[in-house]
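Scroll down for the structure; my scribbles are underneath it.
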Amino acid sequence: MQTVELNNGVKMPILGFGVFQVPDPIECENSVFEAIKAGYRLIDTAAAYMNEEAVGKAIQRSGVPREELFITTKLWVQDASYEGAKQAFETSLQKLGLDYLDLYLIHQPFGDVHGAWRAMEELYKEGRIKAIGVSNFQPDRLIDLIIHNEVVPAV
């Protein structure tokens, strides 16, 4: 599988399998299982998709060693604060059945994104997340985040 190197040296597969709009748990689990079986190693989910548990079951069922997979999930807007991000991260990890994430993204640029980012920076520095980034940010919101925080988004 070809990879791209992120700004912090983490290697991310260039092809991934996303589960947006796959809310049925059985369909989601089977789809992710088949994707992994077919060779996909990047799996993209989000708290807002409400299918992290199904993704986690598929990961466990696949038998593929954790270090061979690249798992991404996203922080939803209602949790965009320092404490909210910390709690949402733990919830996502528990639902996914994982002890770390490869990539954790702020899903939308709403709420206290700076507080959420500080929480994500801490989790990144603790090694619980390999890379942190953003999704659906316009350039001005991204620049603001970069200027006012220590860690530059990897994505």
Residues within the stretch 111-145 that are surrounded by fewer than 14 Cβ atoms within 10 Å (Cβ to Cβ) and among the aliphatic types (A, V, I, L, M), tallied = 1
Checked the stretch 35-76 for anything within 14 Å of the chain's Cα centre (by Cα), assigned to a helix (DSSP H, G or I) and hydrophobic (A, V, I, L, M, F, W, C); matches are 47, 48, 55
Within the group 69, 42, 96, which residue is in contact with a strand residue (DSSP E or B) (Cβ under 9 Å, 6 or more places away or on another chain) and within 17 Å of residue 133 (Cβ to Cβ)?
-> 42
Here are some conditions: (1) in contact with a Lys or Arg (Cβ under 6 Å, 6 or more places away or on another chain); (2) more than 23 Å from residue 108 (Cα to Cα). Residue 35 meets all but one. Which one does it not meet?
-> (1)
Name the single residue, out of those in the stretch 34-43 being buried (at least 20 other Cβ atoms within 10 Å of the Cβ) and touching a helix residue (DSSP H, G or I) at 6+ places or on another chain (Cβ under 8 Å), that is farthest from residue 127 (Cα to Cα).
-> 36
For the stretch 44-65, pairs from a residue that is surrounded by fewer than 21 Cβ atoms within 10 Å (Cβ to Cβ) to a residue that is at pLDDT below 95, with Cβ under 9 Å and 6 or more apart or across chains, are 50/23
Result of the Cβ filter at 6 Å on the stretch 1-29, keeping first residues that are loosely packed, with under 12 Cβ neighbours inside 10 Å and partners that are of a type in the set (A, V, I, L, M, F, W, C) and assigned to a loop (DSSP other than H, G, I, E, B), at least 6 apart or interchain, is 2/14; 4/14
Just to be sure, is residue 95 among the basic types (Lys, Arg) and exposed (fewer than 15 other Cβ atoms within 10 Å of the Cβ)?
-> no
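The values are calculated or read from the model by the stated rules, or taken from the named source; none is laboratory data. As the structure is a prediction and not an experimental result, all values here were calculated from the model. Every residue, glycine among them, receives a Cβ derived from its backbone with ideal geometry; neighbour counts consider all protein chains shown.
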